[in-house]
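Trainee: Let me begin by handing over the structure; questions about it come next.
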Amino acid sequence: MARLDNPALLQLDSLDNLGTLAASAEMIAAGRGLVAQLDLPFPASAIRNVAICGMGGSGIAGDLVTTAYADRLRVPVQSLRNYYLPGWVGEDTLVILASYSGETEETLTAAMEALDRGCPAIGITTGGKLGSWYPDRGLPVVSIPPGLQPRAALLHMLIPTLEILVRCGVLPDLTADLDEAERVAREAAESYGPSVPQSHNGAKLIADSLDGSLPVIWGAEMTSAVAQRWKGQLNENAKTPAYWGVLPEVNHNEIIGFEQMGDLGPATAVVMLRDPRQHRQVQRRFDITKELIEPLVRSVTAVTAEGETTLGRLLDLVLLGDYVSLYAACLRGADAGPIRLINTLKERLATTGYGRATG
Ligand code: PA5
């Protein structure tokens, strides 16, 4: 029996992240139309640019949207992962604040700043301070279902983010994308679910090939933030270090680091996330880079997105990566759910003040 066909290994997933992932199509369906119900207290015509604020599992939706839809965004849109808003954010900036818990201090600080600057703003949250401050100040909030890990609730945040941008005229109608997204999510559950044997299960096969390695995930254009998502999911679910990079930039520095990898070479597994719509030269770069580094590392796995629409192809790779990370957790004997160090760090930040760093 292949390792990931052993039911005992899959039971390490104490918060049933595999079960949540299997319900991705339902999450997309539930998210559709949520934004249409909102009463927007500002005219969409006033918006000249957009800032999407969020951290970790709540921040990735903004990164995915800005990289995947770069060619269709009608005004500048930037994903921000920080306490501060840049100087250009003002009364004509739509600020989207995404925090699953509604309690993340960087996002709350940005939210206060947005209020001070008089920005049109919308929150996406399950509650917390973001869920109470915003409505109290007349700003709309998209309420999403509680009870999940933020990273497992990506679709609860991604779909409303897209719908906000459509409603404000920043993106064109995305009905075809959303329809395909639901189909892709159903197919992912059928292809990569735990009951599909490893020999036919692309996610289990990639997880197995990554086991015991240092994963390096490279994307480009639409797959840039997907590479970031894979890296984050491997960190948080599989409890392993992982790194990500973006072509063509990787070709201008990072590949040199592979020339003298020493002991790290045989331990490094590279995954390339490709998309048939990437620039022709980027396609060649992936091919040539693979040829150059394959002899220097343990493995290079290239995966190409499938689908007709941007969102379909995006989710094709995002959901594959989510499954890979959960199976990688099983192989490492890790419980994908708890994120002890993140919680400890947040607790310490909340209970200790500023002090001089002592090393
Ligand atoms: O995955 C996680 O739990 C984290 O990355 C959180 O998303 C991050 O710490 C921010 O918290 P929240 O999503 O509640 O704003």
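Trainee: Checking Glu306 against (1) of a type in the set (D, E, K, R); (2) within 16 Å of the ligand (Cβ to nearest atom); (3) not in a helix (DSSP H, G or I), which single condition isn't satisfied?
Mentor: Glu306 satisfies all of (1) of a type in the set (D, E, K, R); (2) within 16 Å of the ligand (Cβ to nearest atom); (3) not in a helix (DSSP H, G or I) except (2).
Trainee: Right, another one. Could you please find all residues in segment 140-172 being in a helix (DSSP H, G or I), among the hydrophobic types (A, V, I, L, M, F, W, C) and closer than 18 Å to Gly232 by Cα?
Mentor: As a first pass, look at segment 140-172 and keep what is in a helix (DSSP H, G or I): 150-167.
Going one step further and asking which of them are among the hydrophobic types (A, V, I, L, M, F, W, C), we end up with 152-155, 157-159, 162, 164-166.
The answer is Ala152, Ala153, Leu154, Leu155, Met157, Leu158.
Trainee: Of the conditions (1) part of a loop (DSSP other than H, G, I, E, B); (2) within 18 Å of the chain's Cα centre (by Cα), Asn235 clears all except one; give me its number.
Mentor: If we test Asn235 against (1) part of a loop (DSSP other than H, G, I, E, B); (2) within 18 Å of the chain's Cα centre (by Cα), just (1) comes out false.
Trainee: A follow-up question, please. Picking from Leu130, Leu155, Leu139, which residue would you name as being of a type in the set (A, V, I, L, M, F, W, C) and surrounded by fewer than 24 Cβ atoms within 10 Å (Cβ to Cβ)?
Mentor: Leu139
Trainee: Pairs, please: C-beta under 8 Å, at least 6 apart or cross-chain, first residue within 24 Å of Ile342 (Cβ to Cβ) and of a type in the set (S, T, N, Q) and in segment 85-105, second modelled with pLDDT of 95 or more and in a strand (DSSP E or B)?
Mentor: Sorted first by the residue in segment 85-105, then by its partner, the pairs are Ser99/Gly123; Ser99/Ile124; Ser99/Thr125; Ser101/Thr125.
Trainee: As an exercise: evaluate Glu106 against (1) within 11 Å of the ligand (Cβ to nearest atom); (2) more than 30 Å from Tyr327 (Cβ to Cβ); (3) assigned to a loop (DSSP other than H, G, I, E, B) and give the number of the one condition it does not meet.
Mentor: Glu106 satisfies every listed condition except (3).
Trainee: With respect to Val226, determine if the residue is closer than 20 Å to Asp275 by Cα, more than 16 Å from the ligand (Cβ to nearest atom), in contact (Cβ under 8 Å) with a residue 40 or more places away in the chain and in contact with a Gly (Cβ under 8 Å, 6 or more places away or on another chain).
Mentor: So Val226 fits the description; yes.
Trainee: Checking the structure you have, find out if any residue of segment 110-133 is part of a helix (DSSP H, G or I), more than 16 Å from the ligand (Cβ to nearest atom) and within 30 Å of Asp275 (Cα to Cα).
Mentor: Among the residues of segment 110-133, not one is part of a helix (DSSP H, G or I), more than 16 Å from the ligand (Cβ to nearest atom) and within 30 Å of Asp275 (Cα to Cα), which makes the answer no.
Trainee: So, of the residues in segment 56-73 that are among the hydrophobic types (A, V, I, L, M, F, W, C) and surrounded by 21 or more Cβ atoms within 10 Å (Cβ to Cβ), which turns out to be nearest to the ligand (Cβ to nearest atom)?
Mentor: Among residues in segment 56-73 that are among the hydrophobic types (A, V, I, L, M, F, W, C) and surrounded by 21 or more Cβ atoms within 10 Å (Cβ to Cβ), the one nearest to the ligand (Cβ to nearest atom) is Ile60.
Trainee: Shifting gears a bit: Please find, within segment 74-102, the residue that is nearest to the ligand (Cβ to nearest atom) out of those that are out of contact with any strand residue (DSSP E or B) (no Cβ under 9 Å at 6 or more places or on another chain) and not small (Gly, Ala, Ser).
Mentor: Tyr83
The values are calculated or read from the model by the stated rules, or taken from the named source; none is laboratory data. Predicted model only: the values in this text are computed from it and were never measured. Neighbour counts are summed over all protein chains in view; Cβ atoms, including those assigned to glycine, are modelled from backbone coordinates with ideal geometry.
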